[in-house]
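First the structure, in the form of structure tokens, and then the observations on it.
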Amino acid sequence: MCGIVAAAARREVSEILLEGLRRLEYRGYDSAGMALIDNEHRLLLHKQLGKVSELERAQQLQPYYGCTGIAHTRWATHGEPSAANAHPHISGQRLALVHNGIIENHEVLRAELQSQGYDFASGTDSEVIAHLLHGFLQQGDGLVDAMRQTVRKLEGAYAVAAIDIHHPDQVIAARHGSPLVIGVGIGENFLASDQLALRQVTDRFVYLEEGDLALISPSELLVFNEQGEPVCRDQTPIDDVVESVELGAYDHYMLKEIYDQPRALAATFHACDNLLRDDSCFGDGAAAIFDRVNNVQIAACGTSYHAGMVARYWLEELAGIACEVEVASEFRYRKRVQHEGTLLLTISQSGETADTLAALRNAGEHEFVGTMVIANVDNSSLVRESDLVFLTRAGAEIGVASTKAFTTQLVALLMLTIALGRRRGMSPEKQQEVINALQRLPDFVEETLELDTNIQQLSEAFIPKHHALFLGRGIQYPIAMEGSLKLKEISYIHAEAYPAGELKHGPLALVDDDMPVVAVAPGDELLEKLKSNLEEVRSRGGELFVFADRAAGFSSEPRVKVLNMPHCPEVIKPIVYTVALQLLSYHVAVQKGTDVDKPRNLAKSVTVE
């Protein structure tokens, strides 16, 4: 879960590499490094513990320049965060290499290389790749053959890029299980983990496929498949407007992205303007696949898993379609019995989530009537490998804690519910009712954002706390789960979510005057039961924070603080209430002084198991 940027050009590239790292810092921020080959064919290296800003400072103090280079921002998997463990890794003072992924057989390879006389300067699994590549180059192999020989010895996942002073204008790369994209320029070519890193220099991209090797230079772009054959991968023009990754008037990206939700939700909804007439927004062939769907199997991770749990309520209640939701990492490792007529639906913000991608690839031939992905990044691996695709219109999401990506996923899932429900007897009136609610959704979110000051005041009570409980019933239970995840992600307060009905079956033992309890109480048919659960908390000294429909009849009193939420259609309440919980977590984290956008130990895009 690291970010790679590489360049081979006829101009100086150090600032291009640094800007690429700035755009990729959401992928890792334990350490950063950059290696360049200068005009005298010397290998120049900066490596720093900490964020990309530390690498920038080192470059300012001792500027290095070159037309060929690689750079990396790291999220540690093997080896603690340190300058020594930062990438690039050097071998023989002739080559530098960066790696994203995990090499599972690194210990065996390390022992083998040490027996050949190689010394290791780091505790990472990545350094073995550098020494392997060096060994093959020392034998006289060219860059392509040496990389091919190297990757044959690797077990695990990798995206790798390397430079060698004996080939000063070239970058060699390979991918297996981790994303890598080529940016095509005029008199220059680039590599990166994510096209976002290169949008400042090009709008044409080549997406490497599993097992591909690539060689770039200022004038050349060569790709070889897993069998070693030269292949021509399509160039994809990206003509969207480059979205600003600047903070603007906001203190944090997370807050900017929370406030961007009305726009993102509206854009995602309008991507399916013809929803009541056809299914074209889900991809070519959607109608033929949807006609055969009797069940939906959702596989996702983290926040996307919570989106899937919400969708299960919609699909079963509104569309009458059975739905199973499973964490992707578990889905692929168990024997399963799949019902006939099942659609496999994966959900992923990046479209590169390793476990979710593995779940898709694990799907047996003819096991499903089709596969579909809901993602936010076009041309990502899940998008390219699924039968059907719905792209959310969240735009770039830089903050590690997902906000607008989650709520736009929910909009997409609700629209999918309409498309499938139409085939299962969902009345035209009900379809139109849901469409009308989605049209009004941005306004209800705007109304929720106006409660920001009230939510900030509520958040102050959480500052001295170390634990919190979140309660919800029905479709609001996964929203409580998402709320608890956000709080623990960015404030480091231990938080758990429970169906409110489970309170008496164990969690009630935790409730005392030091355990804040957050309840999502929208005002539906389960309201009276939830009120009973909340009374159990209060009678045991717990402090309650109730997010309630303003028509639900809740009012603040001693040890009960109520936030009156907008009165909106039931079907969109999970989305509206999510926004309030996002703001709660944000303000708690800010007041606790944590790094809101880059919480410790986490990375945005989980591209390794």
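The values are calculated or read from the model by the stated rules, or taken from the named source; none is laboratory data. In this text, all values refer to a predicted model and were calculated from it rather than measured experimentally. All Cβ positions, even for glycine, are placed from backbone atoms using ideal geometry, and neighbour counts span all protein chains on display.
Numbers below:
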read-out: Residues being within 19 Å of Leu449 (Cα to Cα), within 29 Å of the chain's Cα centre (by Cα) and assigned to a loop (DSSP other than H, G, I, E, B) - total across the stretch 545-596; value: 1
read-out: Extreme residue, surrounded by the fewest Cβ atoms within 10 Å (Cβ to Cβ), among residues of the stretch 383-405 that are in a helix (DSSP H, G or I) and in contact with a Lys or Arg (Cβ under 9 Å, 6 or more places away or on another chain); value: Glu385
read-out: The stretch 440-456, residues that are surrounded by 13 or more Cβ atoms within 10 Å (Cβ to Cβ) and either of a type outside the set (D, E, K, R) or at positive phi (or both); value: Leu441, Pro442, Phe444, Val445, Thr448, Leu449, Leu451, Asn454, Ile455, Gln456
read-out: Of all residues in the stretch 509-528 being modelled with pLDDT under 65 and not aliphatic (A, V, I, L, M), the one that is nearest to Leu449 (Cα to Cα); value: Asp524
read-out: Among (1) surrounded by fewer than 19 Cβ atoms within 10 Å (Cβ to Cβ); (2) at negative phi; (3) out of contact with any helix residue (DSSP H, G or I) (no Cβ under 6 Å at 6 or more places or on another chain), the one test that Arg424 misses; value: (3)
read-out: Residue match in the stretch 183-200 (condition: crowded, with 22+ Cβ neighbours inside 10 Å, in contact with an Asp or Glu (Cβ under 8 Å, 6 or more places away or on another chain), assigned to a strand (DSSP E or B) and among the hydrophobic types (A, V, I, L, M, F, W, C)); value: no
read-out: Near pairs, Cβ below 9 angstrom, 6+ apart or cross-chain, from the stretch 259-270 (without any contact (Cβ under 8 Å) to a residue 12 or more places away in the chain and closer than 14 Å to Thr403 by Cα) to any residue that is surrounded by fewer than 20 Cβ atoms within 10 Å (Cβ to Cβ) and small (Gly, Ala, Ser); value: none
read-out: Condition met for Ala307 (small (Gly, Ala, Ser), touching a helix residue (DSSP H, G or I) at 6+ places or on another chain (Cβ under 6 Å) and assigned to a loop (DSSP other than H, G, I, E, B)); value: no
read-out: The stretch 86-104, subset in a loop (DSSP other than H, G, I, E, B) and touching a strand residue (DSSP E or B) at 6+ places or on another chain (Cβ under 7 Å), residue surrounded by the fewest Cβ atoms within 10 Å (Cβ to Cβ); value: Gln93
read-out: Verdict on Ser126 being touching a strand residue (DSSP E or B) at 6+ places or on another chain (Cβ under 8 Å) and of a type in the set (Ser, Thr, Tyr); value: yes
read-out: Residue that is modelled with the highest pLDDT [pool: residues in the stretch 321-336 that are outside any strand (DSSP E or B) and over 22 Å from the mean Cα position of the chain (by Cα)]; value: Ile321
read-out: Subset tally (residues that are surrounded by 21 or more Cβ atoms within 10 Å (Cβ to Cβ) and within 25 Å of Arg384 (Cβ to Cβ)) for the stretch 247-268; value: 2
